[in-house]
Amino acid sequence: MPKPSGIGSLLAVSLDPAAPTPLFQQLYADLRQAILNARLRPGEKLPASRALADELGISRNTVLGAFDQLLSEGYLVMRGGSGTYVASDLPDLRPETARRSGTAAAAPKIAQRGQRLLDAPRARPAPTPSLLAPCFMPGHIDSSDFPFALWSRLLAKSWRHPATAVINGGDPGGYPPLRAAIADYLRQARGIDCAAEDILIVSGIRQAVDLTCRLLIDAGDKVWVERPGFPGIGAAISASGGSLVHVTVDEEGLDVEEGLRQAPKARLACVAPSHQYPLGIVMSLQRRLALLAWARAAKAWVLEDDYDSEFRYSGRPLAALRSLDEDGRVIYVGTLSKLLFPSLRVGYLVAPPTLSEAFRQVRAVVDDQPAMATQPALAEFFASGHLAAHVRRMRRRYAHRQSLLLDAATRHFGDRIVMKPDAAGLHLVARLNDPILRRLGDAAVAQKIAAAGVTVSPLSAYDVGKTRQNSGLMFGYAAVPDDRIAAGVKAIAAALRL
């Protein structure tokens with residue numbers, strides 16, 4: 001076989017000395033791709049390392065480093081006294097040839113569960129707010145005042161001389177001291193009588209829903225979800241094989257009678273009774289009792305999403321639905337990510353005592369145990385009172401920002417876009433009273449506002465069906481600095497010519 005010449009240009013080898021990737025890795029990647037694309041064929045001889053180095057203007061050691069990597073991975077072979085060759089036993093993979101001939105690769109077959117996940121709605125990343133055009137997307141919080149210096153000390157302390165239980169983990173429920181701290185917190189703040197053994201540390205509400213569905217839902221089982229509601233919950237249920245039953249939320253919360261008409265034998269109901277998302281409705285006592293009575297009679301389960309109960313601005317936080325449950329039918333879920341900072345990704349599931357061990361076993365099968373890196377620091381953050389102090393600070397800040405938003409809306413919107421105060425939460429719902437805006441629709445109104453550089457969310461995005469029953473704009477105020485709120489509302493009014 002003749003010795004290859006001009007192989008650098010033949011194989012489109014392109015090396016960039018200024019790139020952060022070492023030259024030998026760049027050469028390795030180019031040669032490997034040439035072999036996989038059959039530009040270098042099985043059994044073909046490569047030039048000598050010195051000759052290739054001279055051609056490419058690099059050191060021989062760089063070429064030897066690339067060759068050594070390819071030899072160790074089986075792409076090349078050495079033949080004593082003869083040189084370096086492409087391995088002869090490689091399959092004849094020629095994707096570039098197939099593309100040139102117009103033969104398209106077959107689309108991959110996606111499982112039904114995978115397709116449901118692909119079709120599920122996903123949260124949009126919030127754009128970075130400008131000085132005059134803030135982002136009013138709901139669900140975002142202000143982490144600027146979180147005590148990160150304290151947090152770093154707690155992290156360092158917990159890992160300076162970590163206990164064996166911290167290093168090895170092994171408990172599918174999570175770090176026992178953190179679970180005990182959460183149990184104490186829930187007894188005091190939410191009136192929930194639970195033991196540390198009932199608590200599972202999870203990454204958030206969607207993982208809690210996923211674990212619940214794996215344990216309690218069979219394919220095709222009916223599940224009540226709120227309409228409108230948080231899309232992530234419905235997506236997790238649907239992906240697990242559950243059949244969604246969208247039940248209207250009115251001024252008293254989830255309409256239990258409607259749920260009974262649609263699917264009396266549903267297996268699960270997912271609700272946010274203390275502050276429904278996105279409407280902010282508090283479920284009445286009569287509805288709570290009716291929901292628990294249905295669960296008892298149907299031998300069904302209720303998943304209570306208590307995502308922001310700490311941020312209540314008048315009076316004490318409302319008692320949780322779980323505190324009324326005498327039959328062990330309520331699975332309670334909360335999050336720490338909204339209390340502290342979003343990337344923390346820590347929440348908790350409180351199982352009924354009859355299901356605690358089953359949840360632990362399912363968790364152990366699915367992913368063994370939750371990550372332990374932050375759990376000891378979180379336990380100390382709870383026990384030392386820092387969490388309660390931080391929540392008090394943020395509650396005052398968010399209450400003030402809601403007041404600023406209401407004042408600005410009254411001043412710039414008048415009665416054409418109306419929002420009412422809410423005793424809790426991190427966003428307000430604004431109703432479109434202006435007939436022109438109503439005809440235009442909340443999604444189109446939100447697009448007009450976005451064109452002016454301000455971000456809001458249309459309420460209809462949280463509804464289902466061709467005819468959306470809910471229309472309005474959602475103004476998340478928690479993450480908007482005080483001095484940008486009025487400017488943002490003024491920019492919206494100008495964009496809509498109000």
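The values are calculated or read from the model by the stated rules, or taken from the named source; none is laboratory data. Quick caveat: nothing in here was measured; it's all calculated off a predicted structure. Neighbour counts run over all protein chains shown; Cβ positions are idealised from the backbone, glycine included.
What the table shows:
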{"read-out": "Residue ID - surrounded by the most Cβ atoms within 10 Å (Cβ to Cβ), chosen from residues in region 179-213 that are part of a helix (DSSP H, G or I), among the polar types (S, T, N, Q) and modelled with pLDDT of 90 or more", "value": "212"}
{"read-out": "Complete set of residues in region 260-288 that are within 28 Å of the chain's Cα centre (by Cα) and within 10 Å of residue 224 (Cβ to Cβ)", "value": "266, 267, 268, 269, 270, 271"}
{"read-out": "Filter result (under 23 Å from residue 115 (Cα atoms), assigned to a strand (DSSP E or B) and among the hydrophobic types (A, V, I, L, M, F, W, C)) within region 215-267", "value": "223, 224, 225, 244, 245"}
{"read-out": "1 or more residues modelled with pLDDT under 85: qualifying helices (runs of 4 or more DSSP H) within region 15-104", "value": "23-36, 95-100"}
{"read-out": "Selection status of residue 363, within 24 Å of the chain's Cα centre (by Cα), among the charged types (D, E, K, R), surrounded by fewer than 24 Cβ atoms within 10 Å (Cβ to Cβ) and within 24 Å of residue 377 (Cβ to Cβ)", "value": "no"}
{"read-out": "Residue count, region 260-308 (criterion: touching a strand residue (DSSP E or B) at 6+ places or on another chain (Cβ under 8 Å), closer than 23 Å to residue 334 by Cβ and among the aliphatic types (A, V, I, L, M))", "value": "14"}
{"read-out": "Qualifying position, being within 18 Å of residue 463 (Cα to Cα), touching a Lys or Arg at 6+ places or on another chain (Cβ under 7 Å) and either small (Gly, Ala, Ser) or assigned by TED's automatic domain parsing to the domain that holds residue 138 (or both), among 280, 232, 259", "value": "232"}
{"read-out": "Conditions (1) surrounded by fewer than 23 Cβ atoms within 10 Å (Cβ to Cβ); (2) free of Cβ contacts under 8 Å to residues at least 24 places away in the same chain; (3) touching a strand residue (DSSP E or B) at 6+ places or on another chain (Cβ under 7 Å); number of the one not met by residue 219", "value": "(3)"}
{"read-out": "Residue tally, condition in contact with an Asp or Glu (Cβ under 8 Å, 6 or more places away or on another chain) and buried (at least 23 other Cβ atoms within 10 Å of the Cβ), over region 303-338", "value": "8"}
{"read-out": "Evaluation of residue 144 against (1) in a loop (DSSP other than H, G, I, E, B); (2) surrounded by 14 or more Cβ atoms within 10 Å (Cβ to Cβ) (one fails), failing number", "value": "(2)"}
{"read-out": "Boolean, residue 341 is farther than 19 Å from residue 276 by Cα, surrounded by 15 or more Cβ atoms within 10 Å (Cβ to Cβ) and either out of contact with any Leu (no Cβ under 9 Å at 6 or more places or on another chain) or of a type in the set (Ser, Thr, Tyr) (or both)", "value": "yes"}
{"read-out": "Answer from 351, 377, 389, 371 - the residue that is under 27 Å from residue 156 (Cα atoms) and surrounded by 15 or more Cβ atoms within 10 Å (Cβ to Cβ)", "value": "377"}
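The rows are residues; the columns are (1) closer than 20 Å to residue 182 by Cβ; (2) at pLDDT below 90.
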residue	(1), (2)
280	no, no
286	no, no
303	yes, no
308	yes, yes
317	yes, yes
328	yes, no
356	yes, no
